[in-house]
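The values are calculated or read from the model by the stated rules, or taken from the named source; none is laboratory data. The shown structure was predicted, so the numbers you read here are calculated from the model rather than taken from an experiment. Please note: Cβ atoms are built from the backbone with ideal geometry, for glycine as well, and neighbour counts cover all protein chains shown.
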Amino acid sequence: MSSSHYAIELSKLKMGYGHHIVLKDINFNIKLGEFVSILGENGAGKTTLFKGILQLLPIMDGKIKILERDVTKGKDKQWLRSQIGYVPQKQSMGKFPISVFDAVLLGRWGTSFSYLKRPSKEDKEIVEETLEIVDLSHMIHQDCRELSGGQCQRLNIARAIVRKPQVLLLDEPTTHLDIDSQAKLDRTIDIIRQQYNLSILMISHDQHHAESISDRLVYLKNGEILKNVEMVQ
Ligand SMILES: Nc1ncnc2c1ncn2[C@@H]1O[C@H](COP(=O)(O)OP(=O)(O)OP(=O)(O)O)[C@@H](O)[C@H]1O
Ligand SMILES: [Mg+2]
């Protein structure tokens, strides 16, 4: 089969927790290379949608296709993990001293190296190249716990893309950042988008910011997609 037209396809998607139905009927697609932002109130189910796409939470009904592959059967988790980079909503750096380099290298765990296989020269080169892209090369030996909020988010993005995924999910990446750090993160996202030809789905609570950075906005309300707005460039 030739290359697919869609990075993500969501049809009649229903998700929730026990008897609590959060997403009733979600239908929308993301084209290859497209950058879509999801807006919606707190508790609307934005993060839940990501959990479905990542198969971290089983769906109740409907279908999710990633790069034309139906992933809701649950047998493609490893493949899914290699295709999707994920920056979670709240990600703390943990309590352990670990360098910026090692934190990003860990993002490649399970690809070319694992328990019995050491990271290759190529793994290390890719980590260095990725740190260059997110502008953290000068902090390569720094302890992760000492990074600022903006640096931390650039590190999280580096860790998400170091596996060279085709799809990137960002859950409110710029929340709590000051204007300058937000602008810098936006530039980073722009660069990786082009460099890796990524399809991006970003959760945001800031409509103006989402408008400025994405191709399209979708609004989530009462478990459904309320509006679908294409940006005019
Ligand atoms: N693990 C869970 N168990 C039970 N209910 C949950 C769980 N996680 C989320 N929920 C509920 O599902 C609904 C949607 O939560 P979700 O985290 O997807 O919202 P959100 O749109 O990401 O909100 P926010 O903007 O605050 O991040 C909420 O009512 C929440 O209480
Ligand atoms: Mg959320």
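Below, the figures for the structure above:
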| item | result |
| --- | --- |
| Tabulated pairs, region 27-40, first without any contact (Cβ under 8 Å) to a residue 40 or more places away in the chain, second among the polar types (S, T, N, Q) and assigned to a strand (DSSP E or B), C-beta under 9 angstrom, 6+ apart or interchain | N29/S11 |
| Selection count where residues are in contact with a strand residue (DSSP E or B) (Cβ under 8 Å, 6 or more places away or on another chain), in contact (Cβ under 8 Å) with a residue 12 or more places away in the chain and either closer than 17 Å to N27 by Cβ or away from ligand 1 (no atom under 16 Å from the Cβ) (or both), scope region 42-75 | 20 |
| Scope region 23-41; condition within 15 Å of the chain's Cα centre (by Cα), under 16 Å from S204 (Cβ atoms) and either surrounded by fewer than 17 Cβ atoms within 10 Å (Cβ to Cβ) or away from ligand 1 (no atom under 15 Å from the Cβ) (or both); matching residues | I30, E34, F35, V36 |
| Number of the condition not met by G62 [criteria: (1) surrounded by 15 or more Cβ atoms within 10 Å (Cβ to Cβ); (2) away from ligand 2 (no atom under 16 Å from the Cβ); (3) at pLDDT below 95] | (3) |
| Contacts under 9 angstrom Cβ, first residue in region 212-232 being hydroxyl-bearing (S, T, Y), partner in a loop (DSSP other than H, G, I, E, B), 6 or more apart | S212/M231; S214/E34; S214/S204; S214/M231; Y219/G40; Y219/A44 |
| Residues (buried (at least 17 other Cβ atoms within 10 Å of the Cβ) and either in contact with a His (Cβ under 7 Å, 6 or more places away or on another chain) or among the polar types (S, T, N, Q) (or both)) located in region 73-92 | Q83 |
| Residues of region 98-148 classified as under 21 Å from the mean Cα position of the chain (by Cα), part of a loop (DSSP other than H, G, I, E, B) and either modelled with pLDDT of 95 or more or not hydroxyl-bearing (S, T, Y) (or both), total | 5 |
| Pairs, first part of a loop (DSSP other than H, G, I, E, B) and small (G, A, S) in region 159-173, second at pLDDT 95 or above and buried (at least 24 other Cβ atoms within 10 Å of the Cβ), C-beta under 9 Å, six or more apart | none |
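Matching residues to (1) in contact with a Cys (Cβ under 9 Å, 6 or more places away or on another chain); (2) among the aromatic types (F, W, Y); (3) closer than 27 Å to T174 by Cα:
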position	(1), (2), (3)
L49	no, no, yes
T72	no, no, no
F96	yes, yes, yes
D102	yes, no, yes
I133	no, no, yes
I140	no, no, yes
C144	yes, no, yes
